[in-house]
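The values are calculated or read from the model by the stated rules, or taken from the named source; none is laboratory data. Because the structure is a prediction, the values reported are computed rather than measured. We place every Cβ from the backbone using ideal geometry, glycine too, and count neighbours over all the protein chains shown.
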There are 2 protein chains.
Amino acid sequence: MTQRRAPTIYEVAAHAGVSIKTVSRVLNLEPNVRPKVQERVKRAVSELGYRPKTSARGLAGGRSFTLVTFLDEALTLDHWKIDRSNPYVERLQFGGMMACREAGYHLLFELLNAEAENAEAILSSTLSALNPDGVILTPPISDNQKILEILVRMGTPFARLSATETDVACLSITMDERAGANEATLHLIGLGHKRIGFIAGTPGLASSRARQDGYTDAMRASGLALDPATMLQSDYTYEGGKASGRALLSLPNPPTAIFAANDEMALGVIHVASELGVEVPRDLSVVGFDDFPASRYSQPTLTTVRQPVGDMAAEASKRLIAHAADKTSQELNAALAINHAFVVRNSTSSPKAS
Amino acid sequence: MTQRRAPTIYEVAAHAGVSIKTVSRVLNLEPNVRPKVQERVKRAVSELGYRPKTSARGLAGGRSFTLVTFLDEALTLDHWKIDRSNPYVERLQFGGMMACREAGYHLLFELLNAEAENAEAILSSTLSALNPDGVILTPPISDNQKILEILVRMGTPFARLSATETDVACLSITMDERAGANEATLHLIGLGHKRIGFIAGTPGLASSRARQDGYTDAMRASGLALDPATMLQSDYTYEGGKASGRALLSLPNPPTAIFAANDEMALGVIHVASELGVEVPRDLSVVGFDDFPASRYSQPTLTTVRQPVGDMAAEASKRLIAHAADKTSQELNAALAINHAFVVRNSTSSPKAS
DNA sequence: CTGAAAGCGCTTACAG
DNA sequence: CTGAAAGCGCTTACAG
């Protein structure tokens, strides 16, 4: 069996009776090729099963047809070590991949420790090795000024996902987390709840702050008291949620509803409620945030705010790719908020008449 | 602010006072460079922050430092559409990525419809565009003869994950699913169960067959009857698990334990049991397979067989990379079974004395 | 509308 | 142990 070597542009050109430059034109959808010639080239391409080699295109043209997503190293390794599912990465991967494949692009993932002393050297070395047409920054890297500067200096187009400080003129893609949290809280208030506990996420993370702001917005707007005793600081983990849930339910006058800043903590609250004989949603309503996959398998299933990470990654990819194809486009100077959804499942209901 | 262009091998050579070939030697760990010269080159490399460009290396040397993983298109899109978490892909991604990054490699994901008429054209065109140093095949693609032949013909090294028919001399990486299922069933038998129901996965999938075989092995070896009434065919989905669970629990003489061929179905069984007032594990023991992330958040948490997908991907990557570095190695002629684990959680216990 | 030439930044094969 | 030359397969910039 002979090993079939992949055809080159020279073979296509010979087959079609034109120069390689004309083949290149057809492949890259450049103008100024007669329809008939175009037709001949296309036939040659498909008869030979030709596909331009990515590395040759990259070397000659400076376009690598590659986008790289930077993930926070510590966060990612932590998730991986305890083998907790990280739906964030998964949605990123699929949303980005689907947008990329339509355009013949590829999505690469890199771990980056933005706090390391040599972060700058590592980043620029990665960029010069891969020469990506664009970079997608995930939190908390998307708010790291040092990283942003390096990218600007190297001239690499980038998109920031869920960034909070969007001063620079660049592409920033978010969902309105504050609005989502506001909606979640109003849902509980609408059901008739008045004592609504809140469990915050990891201190310092922008998402936790935004979700807390949304909660307080809704409480204030509805004229409900913000009781510090029912607002607990936690850490976005299942165990943290259990601890905070236990604390909240042990209060002399416990809340009738709890809004946790992410699903993992909300699931912990549901678990601890069941241990304490508190029935959800009859005795306690629970709302989460993220639409974590496990939230569909919990008992009861969890009412939550759906973070459109896949759509965010797809939008980032599309704009980065459009920019690579046409540098004059303004695709990269925008702050977009992708629509989120509020998903009502079975963990919320009106409070017991008492 | 001037845009810093990435340095080339010429600049490093000039800086170190040697030829570019010597720089290349040091970079590729080739022999025959004096220690002093080596030292000088290394210093120049780090002072200039030099990293060879992947596309130039790929074009000149025929090594792309890239591995591509092919995912079944329909399966993946289905999971994505309903936004079910697919821990398989996630573990693949991380296990592979960690192994790749140590070696300066990158992992790409591609969707492939192996049943399409033009599957061959698509595959070979993808391969000639990317020119990967190796390919990782996931099920059911890893058992697709047509695809295997194309890979052999194109001379692309590949690893098959969870393949069942391992006739060809190639790299095949599995876990012993039959042994895992056997272990799960013996666990239930060891607890004292005698009527143990089984819920099979999607018909035709090799994994479902292997898991069923493991179940029947254990039942037979223990002298227990295989009752067709308690062995149901399902489809690996949560809804399928609920339906089968309901059917089994409605039997005149229902089983005291159920082994479902994956976690998603097992979670469905737990859910339906709770609806029917059957308490798990007091009235019914449930075992799953895969160690799906949601299995840690269920009530009760699920006893299951852990499929070491991350380790499998890591092993595949390492061997493919080793082979790319040294074609004479025998890394690619092996059938490996990666160790799995049996994870006992809270969904199993001894049957009620009756 | 089309093509000949040069060059992207490396590695290969060869010479010394 | 080291280097000069050629070439990988494309795109760019230019000429006609």
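Against the condition more than 9 Å from chain A (Cβ to nearest Cβ) and touching a strand residue (DSSP E or B) at 6+ places or on another chain (Cβ under 7 Å), how does B:Thr69 come out, does it pass? Against the criterion (more than 9 Å from chain A (Cβ to nearest Cβ) and touching a strand residue (DSSP E or B) at 6+ places or on another chain (Cβ under 7 Å)), B:Thr69 qualifies.
Within the stretch A:27-74, being surrounded by fewer than 20 Cβ atoms within 10 Å (Cβ to Cβ), within 30 Å of A:Val89 (Cβ to Cβ) and more than 15 Å from DNA strand D (Cβ to nearest atom) holds for A:Glu73, A:Ala74. Just one of (1) touching a Pro at 6+ places or on another chain (Cβ under 7 Å); (2) facing chain B (nearest Cβ under 9 Å) trips up A:Arg57, so point out which. Tallying (1) touching a Pro at 6+ places or on another chain (Cβ under 7 Å); (2) facing chain B (nearest Cβ under 9 Å), A:Arg57 fails exactly one: (1).
Residues in the stretch A:1-40 that are assigned to a loop (DSSP other than H, G, I, E, B) and either farther than 27 Å from B:Glu149 by Cα or within 11 Å of DNA strand C (Cβ to nearest atom) (or both): A:Gly17, A:Val18, A:Ser19, A:Asn28, A:Leu29, A:Glu30, A:Pro31, A:Asn32, A:Val33, A:Arg34. Checking the structure you have, find out if any residue of the stretch B:41-49 is over 22 Å from B:His323 (Cβ atoms), at the interface with another protein chain (Cβ under 10 Å from one of its Cβ atoms) and not in a helix (DSSP H, G or I). Yes, the stretch B:41-49 contains at least one residue that is over 22 Å from B:His323 (Cβ atoms), at the interface with another protein chain (Cβ under 10 Å from one of its Cβ atoms) and not in a helix (DSSP H, G or I). Quick one: B:Ala210 ticks every box in (1) out of contact with any helix residue (DSSP H, G or I) (no Cβ under 6 Å at 6 or more places or on another chain); (2) part of a helix (DSSP H, G or I) except a single one, so which number is it? Every condition holds for B:Ala210 apart from (1). Looking at the stretch A:83-99, which of its residues are facing another protein chain (nearest Cβ under 7 Å) and either hydroxyl-bearing (Ser, Thr, Tyr) or in a strand (DSSP E or B) (or both)? Scanning the stretch A:83-99 gives a single hit, A:Ser85.
Is it fair to say A:Val12 is within 13 Å of DNA strand D (Cβ to nearest atom), over 40 Å from the mean Cα position of the chain (by Cα) and crowded, with 18+ Cβ neighbours inside 10 Å? Before the answer, list the steps.
Working: within 13 Å of DNA strand D (Cβ to nearest atom): yes; over 40 Å from the mean Cα position of the chain (by Cα): yes; crowded, with 18+ Cβ neighbours inside 10 Å: yes.
In short, yes.
In the stretch A:75-97, the qualifying residues are those that are aliphatic (A, V, I, L, M) and more than 11 Å from the chain's Cα centre (by Cα), and the one that is modelled with the lowest pLDDT is A:Ile82. In the stretch A:107-116, the condition of being under 30 Å from A:Asn28 (Cβ atoms), surrounded by 18 or more Cβ atoms within 10 Å (Cβ to Cβ), of a type in the set (Phe, Trp, Tyr) and within 16 Å of DNA strand D (Cβ to nearest atom) is met by no residue. Checked against the criterion of being crowded, with 18+ Cβ neighbours inside 10 Å and touching a Gly at 6+ places or on another chain (Cβ under 9 Å), the candidates A:Ala210, A:Ala200, A:Ala163 yield just one match: A:Ala210.
Among the numbered conditions (1) assigned to a loop (DSSP other than H, G, I, E, B); (2) within 14 Å of chain B (Cβ to nearest Cβ); (3) in contact with a strand residue (DSSP E or B) (Cβ under 8 Å, 6 or more places away or on another chain), the only one that A:Val278 does not meet is (3). For the stretch A:287-299, what are the residues that are surrounded by 24 or more Cβ atoms within 10 Å (Cβ to Cβ) and more than 12 Å from A:Glu264 (Cα to Cα)? Within the stretch A:287-299, A:Tyr297 is the sole residue that qualifies. Restricting the stretch B:59-80 to residues that are assigned to a helix (DSSP H, G or I) and more than 8 Å from DNA strand C (Cβ to nearest atom) leaves a set whose member that is nearest to B:Val135 (Cα to Cα) is B:Glu73.
Here's the yes/no breakdown for (1) touching a residue at least 12 places away in the same chain (Cβ under 8 Å); (2) on the phi > 0 side of the Ramachandran plot; (3) part of a strand (DSSP E or B); (4) more than 10 Å from chain A (Cβ to nearest Cβ):
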residue	(1), (2), (3), (4)
B:Arg101	no, no, no, no
B:Gly104	yes, yes, no, no
B:Leu107	yes, no, yes, no
B:Ala116	no, no, no, yes
B:Ile122	no, no, no, no
B:Ser125	no, no, no, no
B:Ile136	yes, no, yes, yes
B:Pro139	yes, no, no, yes
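When the stretch B:287-326 is filtered for residues that are modelled with pLDDT under 90 and basic (Lys, Arg), only B:Arg296 remains.
What do you reckon, is A:Gly17 away from DNA strand D (no atom under 16 Å from the Cβ), over 32 Å from the mean Cα position of the chain (by Cα) and of a type in the set (Gly, Ala, Ser)?
Values: away from DNA strand D (no atom under 16 Å from the Cβ): yes; over 32 Å from the mean Cα position of the chain (by Cα): yes; of a type in the set (Gly, Ala, Ser): yes.
Here the answer is yes, as A:Gly17 does meet what is asked.
For residues that are under 16 Å from B:Ala121 (Cβ atoms) and aliphatic (A, V, I, L, M), scanning just the stretch A:1-40, find the one that is farthest from the other protein chains (Cβ to nearest Cβ). Selected residue: A:Val12. On the given criteria, is B:Leu320 touching a Leu at 6+ places or on another chain (Cβ under 8 Å), over 29 Å from B:Ala243 (Cβ atoms) and not basic (Lys, Arg)? Yes.
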